[in-house]
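Asks: My questions all concern the structure below.
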Amino acid sequence: MKILVSNDDGYRADGIRALANALKDLGTVTVVAPDRNRSGASNSLTLDMPLRVHETEPDVFCVQGTPTDCVHLAISGLFDARPDMVVSGINDGANLGDDVLYSGTVAAAMEGRFLGLPTLAVSLCTGETSGRHFATGARVARMLVGRLLAHPLEREMILNVNIPDRPFEQLRGLRTTRLGKRHPAEPVIEARDQRNRVVYWIGPAGAGADAGEGTDFQAVADGFVSVTPLLIDLTRYSALATVQDWVAKAGLHG
Ligand code: MN
């Protein structure tokens with residue numbers, strides 16, 4: 001069993017170290033991760049410059065690129081053999097609801113969707129006052145990967161896992177969830193650079209707007225590990241008939 005581990009926080013992050021260590025007895029673990037924090041990189045590929053790879057220690061490769069670059073490289077030619085599955089994380093921060101659109105953690109998992117086994121994106125819901133319990137996240141990830149090996153789900157399955165930031169014994173269980181929704185993000189933050197020119201920082205994500213029954217937000221708030229199966233197909237099937245009618249009436253040549 002060859003397990004590829006990646007993330008978006010960079011190869012030196014605490015979360016990826018904890019994850020790689022936790023999975024070691026389940027298979028051969030190889031880490032391919034960005035050389036620095038690329039959180040928010042989403043599914044971006046670097047096409048305007050070559051990718052440089054450095055093996056920083058045995059089986060740990062850092063890439064001057066995005067999380068998607070890392071997984072793409074690892075399954076498309078960096079190694080002689082492709083991995084069987086990708087596990088991404090453990091992210092330092094939640095990836096709930098709309099976060100999955102921006103998340104490099106989720107993107108890394110998505111890039112491994114064509115491999116033989118489902119992929120996992122694992123995030124620890126850290127906050128300013130929580131303890132950053134990556135050991136908890138690692139134990140949960142190990143348990144879920146072990147279960148996938150013993151009882152595989154279908155291929156191209158992506159599981160987005162969010163774990164409350166607390167000691168393992170204080171987790172209340174696992175819950176299968178749907179994505180909730182966030183309120184719009186906070187406004188951008190205006191600042192001045194050293195030359196007194198105006199610059200902007202992207203503001204924090206909005207609070208949970210649909211954080212109700214069945215959502216990932218609620219599961220985590222209740223102290224449960226949230227497991228959301230994700231769909232890649234963005235087609236809005238429920239609108240096909242409406243749009244078909246709308247398009248038919250528009251007519252291309254009047
Ligand atoms: Mn991150």
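Asks: Can you give me the accessible area per residue for segment 161-214, using a 1.4 Å probe, in Å²?
Replies: On the way: 4040 Å² over 54 residues.
Ligands and nucleic acids excluded, the result is 75 Å² per residue.
Asks: Just the accessible area per residue of segment 38-101, please: how many Å² with a 1.4 Å probe?
Replies: Normalised by residue count, the accessible surface of segment 38-101 is 48 Å².
Asks: Same structure, new question: If each DSSP helix of 4+ residues adds -39,500 (n - 2.57) and the sum is divided by the residues in the chain, what number results at 222 nm, nearest 500 deg cm²/dmol?
Replies: -7500 deg cm²/dmol
Asks: Moving on. Under a Cβ-Cβ cut-off of 13 Å, what is the net charge of the residues other than Gly40 that fall near it, where Lys and Arg count +1 and Asp and Glu count -1?
Replies: Values: positive: Arg36, Arg38; negative: Asp8, Asp9, Asp92, Asp98, Asp99.
Spelling it out: positives minus negatives among the neighbours equals -3.
Asks: In segment 50-182, what is the volume of the convex hull around the alpha carbon atoms, normalised per residue and reported in Å³? Don't skip to the end; give the middle numbers.
Replies: On the way: hull volume 18.6 nm³, N = 133.
In segment 50-182, the Cα hull volume divided by residue count equals 140 Å³.
Asks: What does the C-alpha gyration tensor say about the overall shape of the chain? Classify as rounded when a/c is under 1.5, otherwise prolate if a/b is larger than b/c, or oblate.
Replies: rounded
Asks: Eigenvalues of the Cα gyration tensor times 5, then square-rooted: what semi-axes does that give for segment 154-209, in whole angstrom, largest first?
Replies: 37, 16, 13
Asks: Considering the Cα positions of segment 74-114, please state its Rg to one decimal place and its Dmax as a whole number of Å.
Replies: Both quantities, over Cα of segment 74-114: 12.0, 37 Å.
Asks: Obtain the nm distance between the two label points defined at His253 and Arg139 by a simple spin-label model: each point lies 7 Å from its Cα along the Cα-to-C-beta direction.
Replies: With each label point 7 Å from Cα toward Cβ, the separation is 7.0 nm.
Asks: Of the heavy-atom accessible surface of the chain (probe 1.4 angstrom), what whole percent is carbon and sulfur?
Replies: Whole-percent figure for carbon plus sulfur exposure: 54.
The values are calculated or read from the model by the stated rules, or taken from the named source; none is laboratory data. Quick caveat, the model's predicted, so the values are computed rather than measured. For neighbour counting, all protein chains shown are included, and Cβ atoms are generated from backbone atoms with ideal geometry for every residue, glycine included. Only protein heavy atoms, including side chains, enter the accessible area calculation; ligands, DNA and RNA are left aside. Shrake-Rupley method; radii C 1.70, N 1.55, O 1.52, S 1.80 Å.
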